[in-house]
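For reference, the structure discussed in these notes is given below.
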Amino acid sequence: MEIQGKTVLVSGASSGVGAAIAKAMAFAGAAEVLLLARNEDALRKVAAEIMVAGGKARIYQPVGLTLQLDRQAGFASANARLTLDWVQNAL
């Protein structure tokens, strides 16, 4: 799938694989990368790194996705409010 110009939501985006995926999506030309994870401070850092490099990112929702109910609520909220082109789960 072509990422250029797409809106992408990345879960687990605060560190490790999730942060790397978020950065890769931004650098591949995503119109916006929405960051989702529990650690809001770490999400701010990842968003800042993406924006300093010229990408567009924002913290979508600081939420934990380890519990199924949290996952369902997080993705239902995203689907209700946004038109997502791509969802990448880093869990």
Where a residue in the range 33-46 is at negative phi and its partner, wherever it lies, is surrounded by 15 or more Cβ atoms within 10 Å (Cβ to Cβ) and among the aromatic types (Phe, Trp, Tyr), with Cβ under 8 Å and at least six apart
34/60; 35/60; 36/60
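Residue 26 - would you say it is buried (at least 18 other Cβ atoms within 10 Å of the Cβ) and without any contact (Cβ under 8 Å) to a residue 24 or more places away in the chain?
So residue 26 fails the test.
Only the coordinates and a few stated rules stand behind these numbers; no lab work does. Because the structure is predicted, anything quoted here is derived from the model rather than measured. Counting neighbours? That spans all protein chains shown, and the Cβs are built from the backbone with ideal geometry, glycine included.
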